[in-house]
Amino acid sequence: MESVNLIPSEERDEQTKTKVVKFSTTLTIILLIIVCGVGGFYFYQNYKIKKEISSLDTNITKLRTEINNLSNIEINARNLYKKSSTLKGIFDNRLLYSKILINLQESTPANVIIESVSFGLEDTINITGNAQTYNLVQDFSNMLLSKDLFTEVSLNTVSLKGNDKGIDFFVVVSFDSKLLHDQ
């Protein structure tokens, strides 16, 4: 049995057009909903990422502050280490320095006054003092050289005080550190 379509062709075309318009409208709405959903998803992800970045930036700022505080501690620790190393060196060598000072005292003539003694670089001692005459400064240098411990005496500065008050001098004395350990 065959069916006969009694609907005129214009009506059929109209129905087909209506179906096509309905289908295309439905498809367009579905695509629009999908596009809006995808767009909303991306906007949400963007918001979420920005919020996370903001949180991480705050965290980074806090960590930088902590690092800066730790750098102060590190500087203090280094300074403390240097000071403790210096003290350790002084305590380890205090007997050696005492031996040097004893030899220095034994070599000092009666009218020579030592005002300051400081240890220089590479086994040297810097001595500042005053004496009544140039001959006493020379005697002081000769007495230092007569000791085996002292190897060289360099007279750097000699200046005459006014009104017969004596002579100021500055002497650099080299010593043999090996002899300090042997004594």
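The numbers here are math on the coordinates, done by the rules we state, and not lab data. The model shown is predicted, which means the values in this text are computed figures rather than measured ones. Cβ atoms come from the backbone with ideal geometry, glycine included; neighbour counts cover every protein chain shown.
Once you put a point 7 Å from the Cα of Tyr134 and another 7 Å from the Cα of Thr28, both along the Cβ direction, what distance in nm separates them?
11.8 nm
Kindly express, to the nearest 10 degrees and within the range 0 to 90, the angle between helix 134-146's C-alpha long axis and the longest C-alpha principal axis of the chain.
So the inclination is approximately 70 degrees.
How large is the convex hull of the C-alpha atoms of the stretch 23-109 per residue, in Å³?
Working: hull volume 9.3 nm³, N = 87.
Normalising the Cα hull of the stretch 23-109 by residue number yields 107 Å³.
Multiplying the sequence separation of Thr61 and Ser85 by 0.36 nm and subtracting their Cα-Cα distance, what value in nm do you get?
That works out to 5.1 nm of additional length.
To make sure I understand the rule: partners must be lysines, Cα under 27 Å from the Cα of Lys147, and not fewer than 8 residues away in the same chain. Which ones qualify?
Straight-line reach from Lys147, under 27 Å: Lys99, Lys178.
If you wrap the stretch 94-182's Cα atoms in a convex hull and average its projection over all directions, what's the area in nm²?
With every direction weighted equally, the projected area is 5.4 nm².
From the gyration tensor of the Cα coordinates in the chain, what semi-axes in whole Å does the equivalent ellipsoid have, largest first, with each one equal to sqrt(5λ)?
Its equivalent ellipsoid spans semi-axes of 107, 18, 13 Å.
Can you tell me the orientation of helix 9-106 relative to the chain, as the angle in degrees between its alpha-carbon axis and the longest Cα principal axis, to the nearest 10?
10 degrees
So if I place +1 on the C-beta of Lys and Arg and -1 on the C-beta of Asp and Glu, and nothing else carries charge, what would the dipole magnitude of the stretch 1-97 be about its Cα centre? I want it in debye, nearest 20. Don't skip to the answer; put the middle values down first.
Values: 14 positive and 10 negative charges, 257 e Å.
Around 1240 debye, computed over the stretch 1-97.
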